[in-house]
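Undergrad: Can you read through this structure? Questions will come right after.
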Amino acid sequence: MNIADRLIIIGFACIVIVILAIIFLILYTLIFDRNQKRHAILRNYPMLGRIRYFFEKIGPEMRQYWFNGDLEGKPFSRVDYEHIVKGAKYMREVVAFGSKRDYEEEGFYVRNAMFPKLSEELKYDPDVSVKTKRYLLLKDPLFTQRDEKWSVEETSAYLLHDDDAITIGPNTEHPFVVKSLVGMSAMSYGSLGDRAVTTLSEGLALAKGTWMNTGEGGLSPYHLKGGVDIIMQIGPGLFGIRDKDGDVDWEELKRKSEIPQVKAFEIKLAQGAKTRGGHIDGEKVSPEIAEIRKVEPYKSVDSPNRFHQFHDVKSMVLFIEKIRKVTGKPVGMKLVVGGNDSIKELAKYMKESGKGPDFITVDGGEGGTGASYQELIDSVGLPIKSALPILHTTLTKYGVRDRVKIIASGKLFTPDRIAIAIAMGADLVNVARGFMITIGCIQAMKCNSNACPVGVTTTDPDLQKALVIDEKKYRVVNYLITLRKGLFRLGAAAGLDSPVHFKPEHIMFKDDRGVIISLDTILKDIQRQIS
């Protein structure tokens with residue numbers, strides 16, 4: 001028997017085996033599914049039911065890539081997602097043909113000036129530049145990977161001019177001066193893996209002039225790795241500064257404050273996506289994370305939905321004052337606005353006592369989270385374009401606005417969204433998911449499962465291998481630079497030499513009938529409602 005005959009026999013045998021295996025699998029499935037008691041459809045239609053469940057399983061991916069329109073995906077549409085990725089990967093800031101915005105819908109618009117500012121009239125720090133790397137797209141074939149190459153770039157950092165630099169806590173022992181309008185919102189180590197936190201730290205440090213919020217999970221060595229300025233968040237669980245009884249370890253807080261990179265502290269009352277304490281699954285609580293948070297390893301951690309250390313505005317402010325006294329650094333608070341009168345008591349007490357936070361981070365209900373409950377994500381807390389004006393106008397009404405800086409967050413991931421937030425009263429803006437997308441997030445929606453396929457929101461070492469720090473950190477730089485540059489470009493279009501000068505009169509609101517109204521008028525209406 002020659003080799004050809006042997007190969008034919010072997011091939012035929014393999015085919016027979018495969019067919020028999022398929023028949024056996026079908027018979028087994030039919031018998032098993034018809035007798036199982038959990039799934040009704042499988043008892044009556046075993047094979048069709050299996051096919052149904054398969055398509056149901058791959059449904060999210062099919063919708064994301066094939067069936068959702070460019071503007072339909074949630075929480076970020078394809079247009080939103082690609083805008084972030086292209087800025088981060090290619091530093092591409094232009095689009096072709098025209099806008100995909102639905103101009104029939106109501107929305108905010110930047111009011112352009114008849115005589116915009118020239119490039120040479122813009123007021124930013126000309127002496128600070130950034131060295132980064134971006135991809136040059138050479139070919140984009142249909143069936144193979146894009147042909148790209150690294151290109152080393154040197155660009156202006158587009159930091160604020162010294163005259164426009166923003167000082168948080170000017171009367172503290174160690175004020176925090178920032179020259180970037182955009183920083184990284186709170187994201188804890190544990191919710192993000194160590195590679196993700198390291199990448200963000202190094203990228204933000206390379207971009208210069210910005211900050212990184214630790215999230216309520218405590219200060220980790222990965223936050224410090226890049227050398228970026230740090231705002232250390234303190235949640236109700238007191239992670240990282242708690243003693244064995246779960247109370248504040250003031251000596252540990254003092255030690256944290258002596259780290260030069262730690263520039264300010266923030267107590268977290270709530271965040272937009274969860275007006276409750278944070279949660280981390282036990283499988284994510286490695287011994288290292290447990291040590292950082294001062295908790296037990298491999299046990300799920302739920303922080304309380306409010307601090308035990310205070311119960312009203314007065315006791316909260318006294319807590320803030322004690323942190324400021326112990327650390328010598330600015331102390332702020334993060335909150336979610338629930339209604340027109342949400343901030344009234346705080347503003348009134350600040351006026352009467354002369355005390356209060358150095359900054360307030362207001363998070364809109366559209367903000368993100370690693371894990372929360374659907375009813376909290378969808379229905380508790382106002383979105384940022386409602387919350388921010390309420391906070392700003394209330395503080396202004398009580399005459400304390402000049403004492404406190406406002407940081408806004410909640411899907412403010414493009415220059416136009418940021419400009420509108422500044423006009424509404426924000427001094428600075430936090431971005432979270434925008435930065436996650438720059439380091440590889442594909443919106444797999446598995447943040448709460450420790451199974452993030454791109455290694456961002458997982459502590460699994462095998463999954464984290466997907467995230468290459470030395471490549472993704474430059475995407476962080478590029479994204480932040482394009483945001484800053486875009487803000488100056490919008491300012492120029494509005495006749496401003498710097499985006500810090502955006503005011504309500506520079507923003508118009510158009511309703512669905514085409515009627516326009518100035519943001520200034522809207523804020524005055526809010527002021528009357530608060531009164």
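The values are calculated or read from the model by the stated rules, or taken from the named source; none is laboratory data. All values derive from a computational prediction rather than experimental measurement. Virtual Cβ from ideal backbone geometry, glycine too; neighbours counted across all protein chains shown. With ligands, DNA and RNA removed, areas are computed over all heavy atoms of the protein, side chains included. Shrake-Rupley method; radii C 1.70, N 1.55, O 1.52, S 1.80 Å.
Undergrad: Toward the positive end of the charge dipole of the chain, about the Cα centre and with charges on Cβ (Lys, Arg +1; Asp, Glu -1), which of 220, 280, 170 goes farthest?
TA: 280
Undergrad: For the chain, taking Cα atoms only, what is the radius of gyration to one decimal and the Dmax to the nearest whole Å?
TA: Answer for the chain, Rg first and Dmax second: 26.4, 102 Å.
Undergrad: Further question on the same structure: To the nearest 20 Debye, how big is the dipole of the chain about its Cα centre, given +1 on the beta carbon of each Lys and Arg and -1 on that of each Asp and Glu?
TA: My answer is approximately 620 debye.
Undergrad: Given labels modelled 7 Å from the Cα in the Cβ direction, how far is it in nm from residue 44 to residue 138?
TA: Distance between the two pseudo-spin positions: 5.9 nm.
Undergrad: Set Lys and Arg Cβ to +1 and Asp and Glu Cβ to -1, take the dipole of the chain about its Cα centre, and tell me which of 24, 506, 450 lies farthest positive.
TA: Result: 24, furthest along the dipole toward the positive end.
Undergrad: P(r) tail for region 67-154, what percent of Cα pairs lie past 19 Å?
TA: Of all Cα-Cα pairs in region 67-154, 66 percent lie more than 19 Å apart.
Undergrad: Could you state how much accessible area residue 17 has, in square angstrom rounded to the nearest 10, with a 1.4 Å probe and all protein chains kept in place?
TA: 110
Undergrad: Can you give me the angle between helix 344-353 and the longest principal axis of the chain, using Cα atoms only, in degrees from 0 to 90, rounded to the nearest 10?
TA: In the chain, helix 344-353 runs at an angle near 40 degrees to the longest axis.
Undergrad: Run the simple label-point estimate for residue 2 and residue 119 please: 7 Å along Cα→C-beta, distance reported in nm.
TA: That separation, rounded to one decimal, is 7.4 nm.
Undergrad: I would also like to ask the following. How do 237-250, 132-145, 350-363 rank on mean C-beta neighbours within 10 Å, highest first?
TA: 350-363, 237-250, 132-145
Undergrad: Right, something else. Of the listed pairs 254/472; 89/123; 329/405; 131/472; 100/411; 256/334, which have alpha-carbon separations greater than 23 Å here?
TA: 254/472; 89/123
Undergrad: Which of the listed residues, 474, 380, 328, is farthest toward the dipole's positive end in the chain, when Lys, Arg count +1 and Asp, Glu count -1 at the beta-carbon?
TA: Working it through, the farthest residue towards the positive pole turns out to be 380.
Undergrad: Continuing with the same structure: Each residue of region 126-143 in turn: what ³J(HN,Hα) in whole Hz from Karplus with 6.51, -1.76, 1.60 and θ = phi - 60°, glycine and Pro shown as x?
TA: x, 8, 9, 10, 10, 9, 9, 10, 9, 8, 9, 7, 8, 9, 10, x, 6, 9
Undergrad: Provide the packing ranking of 117-129, 25-37, 180-192, i.e. peptides ordered by the mean count of other C-beta atoms within 10 Å per residue, highest first.
TA: 180-192, 117-129, 25-37
Undergrad: What are the residues whose amide H is under 5 Å from the amide H of residue 111, where those residues sit 5 or more places off or on another chain and H is modelled from the backbone?
TA: Sorted by chain and number, the residues that satisfy this are 507, 508.
Undergrad: Continuing with the same structure: Under the Karplus relation 6.51 cos²θ - 1.76 cosθ + 1.60, θ = phi - 60°, what is the ordered set of whole-Hz ³J(HN,Hα) values for region 169-184, x standing for Gly and Pro?
TA: Using θ = phi - 60°, the values come out as x, x, 9, 7, 5, 10, x, 10, 9, 10, 10, 10, 6, 10, x, 8 Hz.
Undergrad: I want to make sure I understand the PRE zone here: with the label point 7 angstrom from the Cα of residue 149 toward its beta carbon, which residues in region 53-97 have backbone N atoms less than 19 Å away?
TA: Output list for this probe position: 89-92.
Undergrad: Further, regarding this structure: Taking R0 as 41 Å, what FRET efficiency do you get between residue 68 and residue 345 from their Cβ-Cβ distance, rounded to the nearest 0.05?
TA: E between residue 68 and residue 345, to the nearest 0.05, is 0.40.
Undergrad: Another one. Out of residues 5 or more away from residue 242 or on other chains, whose amide H comes under 5 Å of its own, with H placed 1.01 Å from N in the peptide plane?
TA: Long-range HN contacts for residue 242: 249.
Undergrad: Something else about it: Residue 315 versus residue 300, label points 7 Å from Cα toward the beta carbon: distance in nm?
TA: Placing both labels 7 Å along Cα→Cβ, they lie 2.9 nm apart.
Undergrad: Next question. Any idea what the dipole of region 160-311 comes to, in debye rounded to 20, about its Cα centre with Lys/Arg Cβ at +1 and Asp/Glu Cβ at -1?
TA: 280
Undergrad: Taking the highest mean first, how do the peptides 68-77, 429-438 order by number of other beta carbon atoms within 10 angstrom per residue?
TA: Top to bottom by mean Cβ count within 10 Å: 429-438, 68-77.
Undergrad: Percent of Cα-Cα pairs per 10 Å bin, from 0 to the last occupied bin, for region 408-490, please list those.
TA: For region 408-490, the binned pair fractions read 17, 41, 27, 14, 1 percent.
Undergrad: Let me ask something else. Could you list which residues have their amide H under 5 Å from that of residue 234, counting only those 5 or more apart in sequence or on another chain, with H placed in the peptide plane?
TA: Long-range HN contacts for residue 234: 266, 267, 268.
Undergrad: Taking the Cα atoms of region 1-80, report the difference between the largest and smallest coordinate on each principal axis, in whole Å and largest first.
TA: 65, 39, 13
Undergrad: Starting at the first residue of region 225-237, write each ³J(HN,Hα) from the Karplus equation 6.51 cos²θ - 1.76 cosθ + 1.60 with θ = phi - 60°, in whole Hz, x for Gly and Pro.
TA: The phi angles translate into 4, x, x, 6, 5, 10, 9, 8, 8, 10, x, x, x Hz.
Undergrad: One quarter of the convex hull surface, Cα atoms only: what value does that give for region 1-156 in nm²?
TA: Taking a quarter of the hull surface, the average projection is 21.1 nm².
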